[in-house]
Amino acid sequence: MSGVVEHATRLGPHLARVVAVEPLGGLALVRIEPDPRTELGAPGQFHMLSNPTGRDYLSRPVGLIQLDDGVGFVVDQESAASDMAGPEITVLGPLGRGFDLSETSAETTLLVAAGFGLTVMARIGRLHTRIRLIAGLRQADHLPLLEQVTGVTIDAPRIAPDLVTDPLSEALASGQYRQVLAAGPTGLGAAVARICADHGVASQIALEAPMACGFGACNGCAVQLDGTWKRCCIDGPVVDGARLLA
Amino acid sequence: MSITVGRLELAQPLLNGSGTWDAEQAHRIFGDANPGLAGFVTKTITPEPRAGNPAPRIAPSRQGLLNSIGLPGPGREAFLATLLPRLRTIVDGPIICSVGGFSLADYVDTVAALDSDPACAAIELNVSCPNVESGCASIGGDAGETERLTHAARQVTAKPLFVKLSASVADIATIAKAAEAGGADALVCVNTIKATAVDRRTGKSWFGGGGGGLSGAAIKPVALHAVVACREATTLDIIGLGGVESADDVRDLMAAGACAVALGTALFRNPALAHTISADLAS
């Protein structure tokens, strides 16, 4: 994958003002004040967020999303009320490699995402409309998350234990799609990559991994790529799906 | 505020701890290989390439970070041929090369190779590795092993030679004296503390590679104790390391006896932290 997108990143985090925390089903949408320092970067890139009080000792990787009136992110309600609670949030980014969208079109591209991976698709939906999205959710009270994923055409969402891989196989069997862009938990990436390979369809997968830094220093975000361990934050988080199968 | 630590001159007293910073990636991402740092301490160089431990490798802990990384790296040959020359073009200040291995010969071969490379300004021995030849689980946990290793390294380099100590020992002063007897120029106090997270289902380490070490604010008091103990036991210069997050943490470690201070886990939250601390120290 040669066209992966990176943006120069400002050294050091900055403080962003939290303007609202809204329930989003069993999740929470945190709205932060628009600020030129909070660059979104390319879809698939991420930011390291932390509480300036140090309540959460480690930063966490989060995909910021574009809202109609600003920028925000989605977290679980427990984090929003504890670790991430407060009037400000520390933001470092954008980091990592994002999706190469140069070959993306509604006719030939299929999106697959589950859980927080859906926030990545919210970014893509604002750039390329009407792309079909196969969405998966861990539980029914996460359904409101889909309200943030605008611009795409969403299949009836799959709620665990239903899997997104079943409709994916059916869709690829139609022969319509030339690439799949996917984001979600660890198991989803490898499964999507395998199904795409079986159908001769290219895939780009946004991986998830625990991280302490997000810029290659801690070596904590090990993911298996090319048959060995690589840093998700440097080699990814968006990788060519074939690299998961080596 | 120029200083000298173990015969190595630094423009100011702040460094990174080995394994807590990637100068090449920082240069690529932020445009600055070692922002606010007087030099750069490399990740530990091992004789052969290493992929590192399987995931998971990190876990949060109260006011700290647990890790079991497993020394991933390109190996000695690629480090010398490719990475070190590259680092020399992007790092502002001296490059201190951290050396690890699994036998005395491993260390000596790497130290000898670094001795002849002008890009390497000083050498730090990571003595928290096992010696598989002698059966010693951790060289730095045994005074005799530490002295033999330091002495062997001393024979093949005239460059400043640092020994990075572990606090997971019965008496760090004894190990510090052994490093001094072996010919070290300075001590680095301290490496991560042995610690782990547990998988409740199995009762074993939660980490893919087992084991683990604790870093971050939680270990600052341990680092302070180690610096005091080493200052009282030896005449060596000391680089203090462990839980440093602020100018006051730097002042504490220097008051305890450190002449330079390294940042580690706190850099993960704030890669510009050295700039902040330097400004605070200046004021």
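The sole residue among B:F207, B:F162 that is over 15 Å from the mean Cα position of the chain (by Cα), surrounded by 24 or more Cβ atoms within 10 Å (Cβ to Cβ) and on the phi < 0 side of the Ramachandran plot is B:F207.
Only one residue in A:R178, A:R126, A:R130 is of a type in the set (K, R) and loosely packed, with under 13 Cβ neighbours inside 10 Å. Which one? Reasoning before the result, please.
Numbers: A:R178 fails: loosely packed, with under 13 Cβ neighbours inside 10 Å; A:R126 fails: loosely packed, with under 13 Cβ neighbours inside 10 Å.
Exactly one residue qualifies, and that residue is A:R130.
Screening the stretch B:26-58 for residues that are outside any loop (DSSP other than H, G, I, E, B) and in contact with a Phe, Trp or Tyr (Cβ under 6 Å, 6 or more places away or on another chain) and picking the one that is farthest from the other protein chains (Cβ to nearest Cβ) gives B:I45.
The residues in the stretch A:133-142 that are surrounded by fewer than 16 Cβ atoms within 10 Å (Cβ to Cβ) and either assigned to a helix (DSSP H, G or I) or touching a helix residue (DSSP H, G or I) at 6+ places or on another chain (Cβ under 9 Å) (or both) can be counted, and the count is 2. For the stretch B:72-112, give me each residue that is in contact with a Ser or Thr (Cβ under 6 Å, 6 or more places away or on another chain) and either farther than 25 Å from B:R57 by Cα or modelled with pLDDT under 95 (or both). If the condition is that a residue be in contact with a Ser or Thr (Cβ under 6 Å, 6 or more places away or on another chain) and either farther than 25 Å from B:R57 by Cα or modelled with pLDDT under 95 (or both), then B:V111 is the only one that fits. Tallying residues that are within 18 Å of the chain's Cα centre (by Cα) and not hydrophobic (A, V, I, L, M, F, W, C) within the stretch B:184-204 yields 4.
Of all the listed residues (B:I175, B:I219), the sole one being within 27 Å of A:M211 (Cβ to Cβ) and either buried (at least 18 other Cβ atoms within 10 Å of the Cβ) or among the acidic types (D, E) (or both) is B:I219. In the stretch A:187-246, the qualifying residues are those that are among the β-branched types (V, I, T) and within 14 Å of chain B (Cβ to nearest Cβ), and the one that is nearest to B:R269 (Cα to Cα) is A:I234. B:R76 falls short on exactly one of the conditions (1) in contact with an Asp or Glu (Cβ under 8 Å, 6 or more places away or on another chain); (2) within 14 Å of another protein chain (Cβ to nearest Cβ); (3) of a type in the set (K, R), and that condition is (2). Screening the candidates A:G63, A:G86, A:G93 for the property of being more than 15 Å from B:N270 (Cα to Cα) and within 19 Å of the chain's Cα centre (by Cα) yields one hit, A:G63. Scanning the stretch B:1-40 for residues that are touching a His at 6+ places or on another chain (Cβ under 8 Å) and of a type in the set (S, T, Y) yields a total of 0.
Considering only residues of the stretch A:56-74 that are at pLDDT below 90 and within 14 Å of chain B (Cβ to nearest Cβ), which is farthest from A:A20 (Cα to Cα)?
Residue satisfying both the conditions and the ranking: A:Y57.
Would you check which residues across the stretch B:251-283 are surrounded by fewer than 24 Cβ atoms within 10 Å (Cβ to Cβ) and more than 24 Å from A:G214 (Cα to Cα) and list them? B:R251, B:D252, B:M254, B:A255, B:A256, B:G257, B:C259, B:A279, B:D280, B:L281, B:A282, B:S283, listed by residue number. Exactly one residue among B:I69, B:I3 is within 8 Å of chain A (Cβ to nearest Cβ), of a type in the set (V, I, T), surrounded by fewer than 24 Cβ atoms within 10 Å (Cβ to Cβ) and at negative phi, and that residue is B:I69. Inside the stretch A:10-50, residues that are in a loop (DSSP other than H, G, I, E, B), more than 10 Å from chain B (Cβ to nearest Cβ) and either more than 16 Å from the chain's Cα centre (by Cα) or of a type in the set (D, E, K, R) (or both) make up a count of 9.
Only one residue in B:E245, B:E232, B:E180 is of a type in the set (D, E, K, R) and touching a helix residue (DSSP H, G or I) at 6+ places or on another chain (Cβ under 6 Å), so which one is that?
It is B:E245.
In the stretch A:75-99, of all residues being part of a loop (DSSP other than H, G, I, E, B) and either among the hydrophobic types (A, V, I, L, M, F, W, C) or touching a Leu at 6+ places or on another chain (Cβ under 9 Å) (or both), the one that is modelled with the lowest pLDDT corresponds to A:M84.
Within the stretch B:25-34, is there a residue that is touching a Lys or Arg at 6+ places or on another chain (Cβ under 8 Å) and closer than 20 Å to B:A119 by Cα? Lay out the reasoning, then the answer.
Pass one, the stretch B:25-34, residues touching a Lys or Arg at 6+ places or on another chain (Cβ under 8 Å): B:30.
Applying the additional criterion that residues be closer than 20 Å to B:A119 by Cα yields none.
No, the stretch B:25-34 contains no residue that is touching a Lys or Arg at 6+ places or on another chain (Cβ under 8 Å) and closer than 20 Å to B:A119 by Cα.
The single residue among A:T53, A:T90 that is buried (at least 17 other Cβ atoms within 10 Å of the Cβ), in the same structural domain as A:V18 (by TED's automatic domain parsing) and farther than 21 Å from A:Q148 by Cα turns out to be A:T90.
Just wondering, is there one or more residues in the stretch B:261-270 that are in contact with a Gly (Cβ under 6 Å, 6 or more places away or on another chain), in a helix (DSSP H, G or I) and within 14 Å of chain A (Cβ to nearest Cβ)? No, the conditions are met nowhere in the stretch B:261-270. Is there a residue being within 15 Å of B:H151 (Cα to Cα) and either of a type in the set (A, V, I, L, M, F, W, C) or part of a helix (DSSP H, G or I) (or both) anywhere in the stretch B:84-94? Checked against the condition, which is being within 15 Å of B:H151 (Cα to Cα) and either of a type in the set (A, V, I, L, M, F, W, C) or part of a helix (DSSP H, G or I) (or both), the stretch B:84-94 yields no hits at all.
Of all residues in the stretch B:6-25, those satisfying the criterion of being surrounded by fewer than 23 Cβ atoms within 10 Å (Cβ to Cβ), more than 11 Å from chain A (Cβ to nearest Cβ) and either assigned to a loop (DSSP other than H, G, I, E, B) or polar (S, T, N, Q) (or both) are B:R7, B:A11, B:Q12.
The values are calculated or read from the model by the stated rules, or taken from the named source; none is laboratory data. All of these numbers come straight from a predicted model, not from anything done at the bench. As a convention, Cβ positions derive from the backbone with ideal geometry for all residues, glycine included, and neighbour counts pool all protein chains shown.
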